[in-house]
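First up is the structure itself, then whatever we jot down about it.
The values are calculated or read from the model by the stated rules, or taken from the named source; none is laboratory data. Here the structure is a predicted model, which is why all the values come from computation and not from measurement. Positions of Cβ are generated from backbone atoms using ideal geometry, with glycine treated the same way; all protein chains shown enter the neighbour counts. Heavy atoms of the whole protein, side chains included, go into the accessibility calculation; ligands, DNA and RNA do not. Shrake-Rupley method; radii C 1.70, N 1.55, O 1.52, S 1.80 Å.
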Amino acid sequence: AGDSLERVGQLSMGATVRHVAVEGTRVAVALGESGVRLFDARDPAAPVEQLHWNDARFAYDVALSPRRLFVAAGSEGLYVLDASGGSRLVLGLARDLGFVIRVATVGADTYALDRTGPSLHRIATQV
């Protein structure tokens, strides 16, 4: 409202939030040992949970594309999940990217940061 912030909604995550990613009206949250949650926020006052995935030991970061959810899972690597509601949730796991702590998606590319070495990996991804 004006030059101040106005809260329109709130959700309890039940764990410490590590990172938030937004793509359109969807919001993904990395929750460390509690995994990842994906919300449809078309109604910002009442977001609807679409997915809660916690198969990784730790979710450091998360990135979204229109159909994919990328999870930075430390020593496990980078998980690729189907965020479109398909029947097969885990589409892949890239284990050769080091200790992945950050991930970002821009257009058709996803970037993964390896904390064990000064490496930023650029990966061509489907949007």
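Okay, here's what the table says:
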read-out: Top-ranked residue of the stretch 36-87 - restricted to ones that are touching a strand residue (DSSP E or B) at 6+ places or on another chain (Cβ under 6 Å), open to solvent by 30 Å² or more (accessible area, probe 1.4 Å) and assigned to a loop (DSSP other than H, G, I, E, B), ranked as nearest to E6 (Cα to Cα); value: P47
read-out: Members of the stretch 96-117 found to be charged (D, E, K, R), farther than 20 Å from E33 by Cβ and open to solvent by 40 Å² or more (accessible area, probe 1.4 Å), listed by number; value: D96
read-out: Top-ranked residue in the stretch 1-30 [being farther than 22 Å from A73 by Cα and of a type in the set (A, V, I, L, M); ranked as surrounded by the most Cβ atoms within 10 Å (Cβ to Cβ)]; value: L11
read-out: Residues of the stretch 1-35 that turn out to be free of Cβ contacts under 8 Å to residues at least 40 places away in the same chain, under 20 Å from D55 (Cβ atoms) and either outside any strand (DSSP E or B) or in contact with a His (Cβ under 9 Å, 6 or more places away or on another chain) (or both), as a count; value: 10
read-out: Residue list for the stretch 105-127, filter: in a strand (DSSP E or B) and out of contact with any strand residue (DSSP E or B) (no Cβ under 8 Å at 6 or more places or on another chain); value: V106
read-out: Count of the stretch 79-113 residues which are of a type in the set (D, E, K, R), over 13 Å from the mean Cα position of the chain (by Cα) and within 18 Å of A21 (Cα to Cα); value: 1
